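Q: Got a structure here, written out as structure tokens. Questions coming.
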Amino acid sequence: MEELDTTPTVTTSQMFLTPEGYARLHAELENLTVNKRAEIAERLRDSKQHGEFSEDNSELDEVKFEQAMVENRINELKAIFAGAQQLDMDMIPTDYVGVGSYVTVKDAEHKTEFEIRMVASIEADPDNDLISNEAPMGVALMGRKLGETVEFDAPAGRLRYKIEKIRR
């Protein structure tokens, strides 16, 4: 299998991605460039063979719109890879909270503990406890150390968490 072209059309600032996030985005880029492009080209060929290239062809318009969306996402992913670096395990801090860190926090009010992972915004998925370093909770936690308490505003109101554990 040949190497994917990850040459960007625009550049972004340096971003650190977890190995899992990097792999997920790379798989998405591969799927779009190898499978989705071919699927759209086939649909365009089918429309042309059936003489469906009239001005009032809404199906053709939909295919062209989908093609534009796919190409935009491919360019976006290439830009991400141009400015991204995959985190090595040694790069993930354990003496303070950083991108890639798993952080166990304790809710000061309810006394419940849970673990989150700090990630770049492109990887964020709060439903799976992947918290962006740019989200209010992420901003409050970044750079903090074991035992420190952070406060931040969230949709549920002002929240307060104590950092119980930091790991890779």
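Q: Applying the selection to the stretch 107-149, what residues are in contact (Cβ under 8 Å) with a residue 40 or more places away in the chain and among the β-branched types (Val, Ile, Thr)?
A: Hits for the stretch 107-149 are VAL119, ILE122, THR149.
Q: Something else now. Against the conditions (1) touching a residue at least 24 places away in the same chain (Cβ under 8 Å); (2) assigned to a loop (DSSP other than H, G, I, E, B), where does LEU159 fall short? Just the number, please.
A: In the conditions (1) touching a residue at least 24 places away in the same chain (Cβ under 8 Å); (2) assigned to a loop (DSSP other than H, G, I, E, B), LEU159 misses (2) alone.
Q: Further, regarding this structure: Could you list, in sequence order, the residues of the stretch 68-96 that are free of Cβ contacts under 8 Å to residues at least 60 places away in the same chain and of a type in the set (Val, Ile, Thr)?
A: The answer is VAL70, ILE74.
Q: Something else about it: Exactly one of (1) at positive phi; (2) touching a Gly at 6+ places or on another chain (Cβ under 7 Å) is unmet by VAL97. Its number?
A: (1)
Q: State which residue is surrounded by the most Cβ atoms within 10 Å (Cβ to Cβ) when the search covers only the stretch 119-148 and only residues that are of a type in the set (A, V, I, L, M, F, W, C) and closer than 19 Å to PHE81 by Cα. Working first, answer last.
A: Start the filter on the stretch 119-148 by keeping residues that are of a type in the set (A, V, I, L, M, F, W, C), which leaves 119-120, 122, 124, 130-131, 135, 137, 139-142, 146.
From what's left, closer than 19 Å to PHE81 by Cα: 119-120, 122, 124.
Details: VAL119: 25, ALA120: 22, ILE122: 16, ALA124: 18.
So the residue we want is VAL119.
Q: Please work out if VAL99 is over 13 Å from THR18 (Cα atoms), surrounded by 13 or more Cβ atoms within 10 Å (Cβ to Cβ) and not small (Gly, Ala, Ser). Don't jump to the end; show me each part of the working.
A: Numbers: over 13 Å from THR18 (Cα atoms): no; surrounded by 13 or more Cβ atoms within 10 Å (Cβ to Cβ): yes; not small (Gly, Ala, Ser): yes.
It is false that VAL99 is over 13 Å from THR18 (Cα atoms), surrounded by 13 or more Cβ atoms within 10 Å (Cβ to Cβ) and not small (Gly, Ala, Ser).
Q: Can you tell me which of MET1, MET89, MET15 is under 19 Å from GLU134 (Cα atoms) and at pLDDT below 90?
A: Answer to the selection: MET15.
The values are calculated or read from the model by the stated rules, or taken from the named source; none is laboratory data. In this text, all values refer to a predicted model and were calculated from it rather than measured experimentally. In this analysis, Cβ positions are derived from the backbone assuming ideal geometry, glycine residues included, and neighbour counts consider all displayed protein chains.
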